[in-house]
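Working notes, beginning with the structure itself.
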Ligand code: SF4
Ligand code: SF4
């Protein structure tokens, strides 16, 4: 009983062992692999990233000059960043926030609003 009371009193005055998420968020580690972002102006729509992606999260429409990205399929491996010949993909340290819907982002030249959210899944070639 004395041991038990000691633990209770100790826990009352000790710093909590966990962070009070979502009020306090842990900073991502340096070089963590997080969000993928495309630059529609640098992109030449070659499709190399789409071919390399193990999660089939990228679809490139060359004729349309559009790139569709399904962020919730992405496993943040970074293969697309490595393979892009135009340095048009950036991987940030931040992790993707949860969402209520599995949205699709559309990237294109700056004349096209990007990223645009759509609910319709892109057809895989
Ligand atoms: S980081 Fe990996 S899974 Fe995500 S889009 Fe790039 S290649 Fe695909
Ligand atoms: S590899 Fe780079 S340049 Fe090629 S389609 Fe993907 S983002 Fe665009």
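No lab work stands behind these numbers, since they all come straight from the coordinates. All values derive from a computational prediction rather than experimental measurement. Backbone-built Cβ (ideal geometry, glycine too); neighbour counts: all protein chains shown.
Taking packing as the residue-averaged number of other Cβ atoms within 10 angstrom, the listed peptides 90-100, 49-59 run from highest to lowest as 49-59, 90-100. Max-minus-min Cα coordinates of the chain on each principal axis give 75, 28, 26 Å, with the largest extent listed first.
Run the numbers on the range 28-118 and let me know its relative contact order in percent, using alpha-carbon pairs under 8 Å that are six or more apart. Mind dumping the intermediate values first?
Values: 175 pairs, mean separation 34.3, N = 91.
It comes to 38 percent, rounded to a whole number.
In terms of packing, defined here as the mean over residues of other Cβ atoms within 10 angstrom, the peptides 27-36, 101-110, 63-72 line up highest first as 63-72, 101-110, 27-36.
The calculated 222 nm mean residue ellipticity attributable to helices in the chain amounts to -4500 deg cm²/dmol, summing -39500 (n - 2.57) over DSSP H runs of n ≥ 4 and dividing by all residues. With respect to the chain, whose longest principal axis is taken over its alpha-carbon atoms, helix 2-13 is tilted by about 50°.
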